[in-house]
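Structure first, then comments.
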Amino acid sequence: QARYLAQIILVGAQVVGRAFARALRQEFAASRAAADARGRSERPQSAAASRITGISLQEAQQILNVSNLNAEEIQKNYNHLFKVNDKSVGGSFYLQSKVVRAKERLDEELRIQAQSNKEKGWKAET
């Protein structure tokens, strides 16, 4: 009887292992498809900035609680969130670093937009 019990446990473990491996492969495929779709929806420079900073534009806007790219509003929210999450006042270094990364990402997007507007101005003149 112990032998049959061991065989049942072994077969059960194999079934669960295969199901887990299949679910893992599906999750990787879905994640890759979502990343590809996100990359296609953004402009090439913006997508590159997302990859470099490791944070998407939408995530950065959510972190700093801004709906449009306004430099003053971004700076104001950044200053507030940075101070609130300072470790010396009981804040979280992790959250503070997320705030810094979000600000870097939004600054990069502002730079990309300014460069794009400058190029459009040059094309309009010619």
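Tabulated results
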item: Hits in region 85-114 (condition: farther than 15 Å from residue 55 by Cβ and out of contact with any helix residue (DSSP H, G or I) (no Cβ under 8 Å at 6 or more places or on another chain)); result: 88, 90, 92, 111, 113, 114
item: Near pairs, Cβ below 6 angstrom, 6+ apart or cross-chain, from region 72-92 (in contact (Cβ under 8 Å) with a residue 12 or more places away in the chain) to any residue that is basic (Lys, Arg); result: 78/103
item: Leading residue by the ranking (nearest to residue 60 (Cα to Cα)) among those in region 72-126 that are over 20 Å from the mean Cα position of the chain (by Cα) and among the β-branched types (Val, Ile, Thr); result: 84
item: Tabulated pairs, region 101-114, first closer than 15 Å to residue 70 by Cβ, second at pLDDT 90 or above and of a type in the set (Phe, Trp, Tyr), C-beta under 6 angstrom, 6+ apart or interchain; result: 103/78
item: Some residue of region 13-22 being open to solvent by 100 Å² or more (accessible area, probe 1.4 Å) and modelled with pLDDT under 85; result: no
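The values are calculated or read from the model by the stated rules, or taken from the named source; none is laboratory data. A quick note: this is a predicted structure, and the numbers were derived from the prediction, not measured. Counting neighbours? That spans all protein chains shown, and the Cβs are built from the backbone with ideal geometry, glycine included. For the accessible areas, the whole protein counts, side chains as well, though only heavy atoms, and no ligand, DNA or RNA atoms are used. Shrake-Rupley method; radii C 1.70, N 1.55, O 1.52, S 1.80 Å.
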